[in-house]
1. Beyond 25 Å, what share of the Cα-Cα pairs of the chain is found? Please give it as a whole percent.
2. Using only the alpha carbon atoms of the range 165-206, find the Kirkwood hydrodynamic radius as the inverse mean reciprocal pair distance, in angstroms to one decimal.
3. Limiting things to C-alpha atoms, what are the Rg and the maximum Cα-Cα separation (Dmax) for the range 60-145, in angstroms?
4. So which GluC sites (Glu not before Pro) in the range 98-180 are both in a DSSP loop and have at most 12 other Cβ atoms within 10 Å of their Cβ?
5. Using the eigenvalues of the Cα gyration tensor, what equivalent ellipsoid semi-axes result for the range 31-72 when each is taken as the square root of five times the eigenvalue, whole Å, largest first?
6. Per 10 Å bin, what is the whole-percent P(r) computed from every C-alpha pair distance within the range 134-191?
7. Scaled to the compact-protein estimate 2.2 N^0.38 Å, what is the alpha-carbon radius of gyration of the range 22-104, rounded to two decimal places?
8. Quick one: compute the contact order of the range 16-129, relative version, from alpha carbon pairs under 8 angstrom and 6+ residues apart, as a percent.
Amino acid sequence: MNQTTPADDTAFDPEGFEARYRAYCATYSTERTTVDIDGVSLVMHPRVYRAESASTTAAMLSTIRDVEGRALLDMGCGCGVLGVFAALRGAQPVVMADISEAAVENARDNVTRNDLDDRVDVVRSDLFAALDEDRRFDLIYFNMPFFYVDPNRLEEALSPPEELAAAMPEQSAFVDLGYAMIGRFFATAPRYLKSGGAIRCSFASFGNHEQLDTILAANRLTRTTIARRVEDDYGLVYLALEVKPSA
């Protein structure tokens, strides 16, 4: 899997990871389902990243606590859970963006479901391509696909169980070959930040920390861990990072 783990986190356990991934895949359905996350009702569409069973989402949600009155972008929004929670906690305006048509439809349903149409816009976009170049945000959230696969070792990519292929999103929701997409994101995201703004993104002990830090350094960015979610049963640690331009 060619992953690297920093010394201060739980050592990567391939068997634990595989078991966790299988358990996560089992939460998908070919039918629309309704879930409750911390008292907020959300609908989950097929072929959209499942938020309620993802530890990355839980780690990211724990950081949405200082958003009132702040302009916020939820990039790669999936079902829209981060943007919905941010708007409910006072962020305004909120923009959600995703390249997946299914995700955009799902996010719009959850915006309407929670009476947020007046303060949240949902757009289909390949990263920042569909956003106004003059738009600026206090916070950019990105629950990014940090599972690293070397482009020359595609046999290591995650494959969903065959019986769930029709329910699960594209592989790109989990895997970023060579961190090419993550590289594009961090090369562009700082242009959309207000002065003093920050990027908050997901990561994990089994992400490629060395490659991420290479990308951040190339774009004069630094990271700080602001939340952790430990899964002792699987030997995994999920992280929420705050990334800012270097001083």
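1. 39
2. 12.7
3. My reading of the Cα-based Rg and Dmax gives 11.4, 30 Å.
4. Glu133
5. On the way: eigenvalues 100, 28, 22 Å².
Values for the range 31-72, descending: 22, 12, 10 Å.
6. 20, 40, 27, 12, 1
7. Working: Rg = 12.8 Å, N = 83, 2.2 N^0.38 = 11.8 Å.
Cα Rg divided by the expected 2.2 N^0.38 Å: 1.08.
8. 22
The values are calculated or read from the model by the stated rules, or taken from the named source; none is laboratory data. Computed from a predicted structure; not experimentally measured. Reconstructed Cβ throughout: ideal geometry from the backbone, glycine too, with neighbour counts over all protein chains shown. SASA here: full protein model, heavy atoms, side chains in, ligands and nucleic acids out. Shrake-Rupley method; radii C 1.70, N 1.55, O 1.52, S 1.80 Å.
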